[in-house]
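The structure appears below as structure tokens.
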Amino acid sequence: MMVSLKNIRKSFGSQQVLNGVDLEIDVGEVVVILGPSGSGKTTLLRTINFLDPGDEGSVTVGNHTVNCKKHSRPDVLQLRRRTAMVFQNYNLFANKTILENVMEGLVTVKRRPKPVAEEISRKMLTRVGLSERFDYYPSALSGGQQQRAGIARALVLEPDVILFDEPTSALDPELVGEVLQTIKGIAETGITMIVVTHEIAFAKEVASRVIYMQDGVIVEQGSPSEILVHPKDPRTQRFLRRITDPSQDPKHIDMREDSPANEKSVPTSA
Amino acid sequence: MNTFQPIEILRAVPKIFQAFPTTMLILLASLAFSMLIGAVFAMMSLSRNKVLNAVSKGYVSFMRGIPTLILIFLIYLGMPQLLKQVGIDMTGISLTAYIIACLSLSASANMSEMMRSAYLAVDKGQREAALSVGMSPAAAFARIILPQAVGVAIPALGNNMIMLFKETSLAFTIGVLDMLGKARAVSAANYGATKLEIYIAAGIIFWALCFLMEKGTKLAEKAYTKGRKI
Amino acid sequence: MNFDFIREALPQVLAAVPVTLEMAVLATIAGWILGILMAVARRNKIPVLSQLCAAFVSFIRGVPMVILLYVSYYALPMIIYSATGIDATSVPAIWYAIAALTLDQAAYSSEVFRAALNSVNRGQLEAAWSVGMTTWQAMRRIVFPQALAVALPNLSGLFVGIIKGTSLAYYVGVYEITATANLLATPGLNFIEAYVITTLIYELISFICNRLFRSAEIRLGRFRPKTAA
């Protein structure tokens with residue numbers, strides 16, 4: 001078992017975002033989490049590396065378990081050193097070049113000598129197709145390039161699991177493809193990944209397991225074809241209909257299902 | 001060493017406050033003149049004329065580089081000497097007028113920068129939209145750009161006013177009986193026995209008035225931008 | 001213009017420049033360190049301390065520099081005496097001036113640092129955490145350098161401001177540039193000459209400081225998008 005979440009609960013103020021989530025992920029699995037805005041999928045991802053600590057439950061990555069209720073700083077640090085995250089808004093270190101971004105964790109966290117870190121980082125950037133951009137600052141790159149650098153920054157740390165938080169949501173449509181291709185390439189290397197996304201086609205093609213979340217719980221999970229082609233739960237069916245059939249007016253959709261208003265009150269989960 | 005007597009602070013407050021009108025006169029007059037001068041230099045810096053740009057830039061950086069105290073000495077002590085050589089007699093001019101002139105010049109640099117950046121902060125599209133509906137450039141400025149720029153400038157104006165207010169305390173350096181001048185006079189009257197208490201009292205008065213100005217700025221900003229912001 | 005006077009006075013006024021710079025530099029170093037600490041305290045909303053800092057800033061911002069100098073000059077010896085029994089009246093006036101200037105810089109710079117820290121996107125901190133950095137590493141390597149680049153133009157203004165502020169130390173008897181010029185000018189009434197020299201010196205110092213800060217700004221801000229630079 002690579003990642004294990006037990007009874008994760010989390011609320012922002014009076015707003016219950018996660019209502020007891022249990023999840024077990026095996027080594028090498030590519031888990032895609034789908035769900036409407038406000039379903040808690042991003043928050044769930046962020047409880048794994050304690051960017052948003054859960055109120056209750058426990059998180060295990062590898063053989064390191066942290067209890068949400070009583071976590072110490074070294075505990076959380078250990079957890080974060082076993083995971084890596086790719087952010088929706090890339091969050092590349094603005095004051096560092098692309099190469100330095102990738103080196104940063106190797107040098108400050110893994111204590112690799114600089115020349116070694118630099119060599120590994122160059123290789124990693126070349127792998128994501130950024131061999132020409134080593135010395136550029138993030139502000140000089142396109143969103144797609146920044147996100148690929150973000151992926152390299154996560155990958156280079158050789159984490160037990162990489163967490164992808166809507167990695168293509170902030171991108172211009174024409175740049176989505178290059179980033180998804182990069183993620184797909186990584187998925188094929190057998191690294192454990194959890195991907196929160198809205199890209200159904202990507203889920204179909206790359207996921208080893210698909211999870212549908214709504215209202216802070218896992219509604220159903222299974223293989224891509226089980227969930228995406230033959231969903232059993234009516235909530236999943238409705239969600240897929242809405243997403244695959246754009247002619248349906250979103251205003252007619254049941255408010256219990258889609259609650260963007262809730263999402264707004266929870267700034268960190270956006 | 002003197003012993004500290006807090007009660008003397010309270011005793012000093014009303015005495016110092018007698019000079020409040022003088023300080024206010026200096027503040028308001030300097031505020032008005034510095035904005036006038038500032039407006040001229042702001043226009044120069046925004047014009048397309050390179051020479052005017054350079055003159056404005058030079059003026060602003062000169063005023064920002066010179067301590068107000070030096071400016072006061074230069075104008076109050078130096079200028080009459082200089083003008084005497086060309087036959088102009090400055091002896092009739094009041095001390096208050098000198099201080100107002102100095103503070104106006106000193107503050108005008110910040111005022112100019114404030115106006116310039118407020119003007120530039122208004123989106124270009126606003127002017128284009130105004131012209132596109134057939135307004136004259138003057139009307140576009142007066143009806144569309146200026147009201148928005150004023151809203152942008154209010155916090156900076158409040159700040160500049162507070163700085164100017166604090167600088168009025170330099171009036172005592174040439175013998176004007178502003179609040180600090182008065183404080184020093186009160187202190188001298190009892191041979192400096194309670195000077196610390198008196199200066200603390202002056203500090204409290206200045207702080208309280210600055211506090212009011214800050215609150216006033218916030219209110220003005222709120223009232224002015226109400227309903228204007230998206 | 002009395003050129004003999006200028007020739008005689010200029011070296012003496014120039015000799016006072018180090019006094020002015022000493023006050024400005026020491027007060028800036030101490031003031032900015034305090035300012036950073038206060039900004040961090042207020043940003044993390046540390047109870048009591050955060051409110052105390054806010055009150056301190058409001059007070060310093062509301063009190064003219066001259067009054068601050070006087071109060072520091074007359075009050076500090078008393079405070080030191082009553083706290084430690086040491087007679088501080090013989091401490092040179094320059095130290096009281098530096099104390100007052102430090103308080104001034106602390107208050108103003110804390111506002112600058114606070115705004116600069118707030119301008120750094122929270123995502124930067126989260127990204128640093130996500131690669132396993134400690135909060136201290138994240139602040140030192142990622143957040144502070146970015147905040148500093150944002151703060152520099154305002155810090156430059158503060159530094160030039162304090163150079164100008166040192167001229168008031170004249171009133172507590174520090175023989176810096178202004179006091180020296182005044183002393184030299186008075187006997188022969190050479191006011192114009194003395195203050196023109198003084199003005200030029202201050203302008204030159206401001207000019208050099210602006211240049212230095214500007215180049216630091218370019219160096220530390222080279223990661224920022226070109227349009228903002």
Worksheet, complete the sentence: Env charge @ C:Ser206, Cβ radius under 10 Å, K,R +1 / D,E -1, value +2
Fill in: Lysine-lysine proximity count for chain A, Cα under 19 Å, sequence distance 8 or more or distinct chains
18
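From other protein chains only, count the Cβ atoms within 10 Å of every residue's Cβ in B:69-82, then give the mean. If you can, show how the numbers build up before the last one.
Numbers: counts 12, 14, 4, 1, 11, 7, 1, 2, 9, 9, 3, 2, 5, 4.
Taking the mean over all residues of the peptide, I get 6.
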Worksheet entry | Rounded, prolate or oblate (a/c below 1.5 giving rounded, otherwise prolate when a/b exceeds b/c) for chain B by Cα gyration tensor | oblate
Worksheet entry | Positive-end residue, region B:2-105 charge dipole about Cα centroid, Cβ charges, pick of B:Ile100, B:Ser61, B:Leu46 | B:Leu46
Item to complete: Return the sequence-ordered ³J(HN,Hα) values of region A:5-17 in whole Hz as given by the Karplus equation 6.51 cos²θ - 1.76 cosθ + 1.60 applied to θ = phi - 60°, using x for Gly and Pro.
Response: 10, 10, 6, 6, 10, 7, 9, 9, x, 8, 8, 7, 9
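Using the heavy atoms of the protein chains alone and a 1.4 angstrom probe, what is the accessible area of chain B per residue in square angstrom? Show your work: numbers first, answer last.
Working: 11980 Å² over 230 residues.
Counting only protein heavy atoms, the per-residue value for chain B is 52 Å².
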Fill in: Choice from B:Leu27, B:Leu77, B:Leu105 with maximal GNM fluctuation in chain B (Cα, 10 Å cutoff)
B:Leu77
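Of A:His198, A:His230, which has the most accessible area with a 1.4 Å probe, and how do the rest follow in descending order?
Working: A:His198 70, A:His230 125 Å².
Ranking A:His198, A:His230 by accessible area, largest first, yields A:His230, A:His198.
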Worksheet entry | For region B:111-125 versus region C:156-203, the gap between their alpha-carbon centres in whole angstrom | 34 Å
Worksheet item: Under a 5 Å amide H to amide H cut-off, with H placed in plane at 1.01 Å, what residues pair with A:Gly35 once short-range neighbours are removed?
Response: A:Met213
Fill in: HN-Hα J in Hz across region B:25-41 - Karplus 6.51, -1.76, 1.60, θ = phi - 60°, x for Gly and Pro
4, 4, 4, 5, 5, 5, 4, 5, 5, 5, 6, 4, 4, x, 4, 4, 6
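Taking the Cα centre of region B:79-177 as origin, work out the dipole magnitude from +1 charges on Lys and Arg Cβ and -1 charges on Asp and Glu Cβ, in debye rounded to 20.
On the way: 6 positive and 5 negative charges, 21 e Å.
Charge dipole, region B:79-177, about its Cα centre: 100 debye, nearest 20.
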Item to complete: Could you pull out every residue, at least 5 positions away or on a different chain, whose amide H is within less than 5 Å of the one on A:Met85? Hs are placed 1.01 Å off N in the peptide plane, and Pro or chain starts have none.
Response: A:Leu163
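State to the nearest 20 debye the size of the charge dipole of region A:85-170 about its Cα centre, where the only charges are +1 on K and R beta carbons and -1 on D and E beta carbons.
Values: 11 positive and 10 negative charges, 50 e Å.
About 240 debye.
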Practice prompt. Could you compute the FRET efficiency for B:Arg48 and B:Val150, with r as their C-beta to C-beta distance and R0 at 22 Å, rounded to 0.05?
Written response: 0.40
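Calculate what fraction, in whole %, of the accessible area of the protein assembly as shown sits on carbon and sulfur atoms when a 1.4 Å probe is rolled over the protein chains.
61 percent
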Worksheet, complete the sentence: Nearest-0.05 FRET efficiency for C:Ala216 and B:Ala139 at R0 = 41 Å, using Cβ-Cβ distance, is 0.40
Item to complete: For every other residue with a beta carbon closer than 10 angstrom to the beta carbon of C:Arg61, add +1 if it is Lys or Arg and -1 if Asp or Glu, then tell me the sum.
Response: -2
Fill in: Long-range HN-HN contacts of A:Glu56 with modeled amide H, under 5 Å
A:Arg9
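Sorted by accessible area (1.4 Å probe), largest first, how do A:Glu226, C:Glu176 line up? Display every interim value, and only then the final one.
Working: A:Glu226 90, C:Glu176 0 Å².
Ranked from most to least accessible, the order is A:Glu226, C:Glu176.
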Fill in: Principal axis dimensions, chain A - Cα atoms, whole angstrom, descending
56, 44, 32
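Can you pull the mean other chain C-beta count within 10 Å for peptide B:186-195? If you can, show how the numbers build up before the last one.
Numbers: counts 0, 1, 0, 0, 0, 0, 1, 0, 0, 4.
Taking all residues of B:186-195 together, the mean is 1.
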Worksheet item: How crowded by other chains is B:200-210, given as the mean number of beta carbons from other chains within 10 Å of each beta carbon?
Response: 5
Practice prompt. For C:Trp95, tell me the accessible area in Å² from a 1.4 Å probe, rounded to the nearest 10.
Written response: 120 Å²
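May I ask you to order A:188-196, A:200-208 by the average number of other C-beta atoms within 10 Å around their residues, highest value first? List each step's numbers first, then the result.
On the way: A:188-196: 19.7, A:200-208: 17.7.
Taking the mean over residues of other Cβ atoms within 10 Å, the ranking is A:188-196, A:200-208.
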Practice prompt. Count charges around A:Ala117 for me, please; just the other residues with Cβ under 15 Å from its Cβ, Lys/Arg as +1, Asp/Glu as -1.
Written response: +4
Fill in: Charge dipole of region C:3-223 about the Cα centre (unit charges at C-beta), most positive-ward option of C:Ser215, C:Ala138, C:Ala83
C:Ala138
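For B:Gln85 and B:Ser61 in the same chain, what is the full-extension length gain: residue separation times 0.36 nm, less their Cα-Cα distance, in nm? Walk me through the numbers before you get to the answer.
Working: separation 24, 0.36 × 24 = 8.64 nm, distance 2.91 nm.
Length difference between fully extended and current span is 5.7 nm.
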Item to complete: Just need log10 I(q)/I(0) for region C:3-223 at q = 0.16, 0.18 Å⁻¹, Debye formula, equal scatterers on the alpha-carbon atoms, no solvent, rounded to two decimals.
Response: -1.11, -1.26
Worksheet item: Given a Förster distance of 30 angstrom, what is the FRET efficiency for B:Tyr224 paired with C:Ala55, based on the Cβ-Cβ distance and rounded to 0.05?
Response: 0.60
Worksheet item: Magnitude of the Cβ-charge dipole of chain C, K/R +1 and D/E -1, about the Cα centre, nearest 20 debye?
Response: 1340 debye
Practice prompt. List the residues of region A:55-104 that lose 50 Å² or more of accessible area once all protein chains are present, compared with their chain alone (1.4 Å probe, heavy atoms only, no ligands or nucleic acids).
Written response: A:Arg80, A:Asn91, A:Phe93, A:Ala94, A:Asn95
Worksheet item: Can you run phi through the Karplus equation (6.51, -1.76, 1.60; θ = phi - 60°) for region C:154-171 and list ³J(HN,Hα) in whole Hz, with x for Gly and Pro?
Response: 6, 5, 4, x, 5, 5, 4, x, 6, 4, 5, x, 5, 4, 6, 4, 3, 6
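Using only protein heavy atoms and a 1.4 Å probe, how much accessible area in total is buried between C and A, to the nearest 100 Å²? Don't skip to the answer; put the middle values down first.
Numbers: alone 13090 and 12550 Å², together 23600 Å².
The C and A chains share an interface burying roughly 2000 Å².
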Response to the item:
Ranked by GNM mean-square fluctuation in chain B (Cα springs under 10 Å), the top entry among B:Gly175, B:Gly65, B:Gly125 is B:Gly125
Worksheet entry | Per residue, in Å², the accessible surface of region C:3-223 once ligands and nucleic acids are set aside, probe 1.4 Å | 44 Å²
Item to complete: Mind telling me which of B:Ser30, B:Ser108, B:Ser45 comes out most flexible in a GNM of chain B, alpha-carbon contacts under 10 Å?
Response: B:Ser45
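Averaged per residue, what accessible surface does chain A expose to a 1.4 Å probe, in Å²? Please list the in-between numbers first.
Working: 11550 Å² over 270 residues.
Result: 43 Å² of accessible area for each residue.
The values are calculated or read from the model by the stated rules, or taken from the named source; none is laboratory data. A quick note: this is a predicted structure, and the numbers were derived from the prediction, not measured. Note that each Cβ is placed from the backbone with ideal geometry, even for glycine, and that neighbours are counted across all protein chains shown. What goes into the accessible areas is simple: the full protein's heavy atoms, side chains included, and nothing from ligands, DNA or RNA. Shrake-Rupley method; radii C 1.70, N 1.55, O 1.52, S 1.80 Å.
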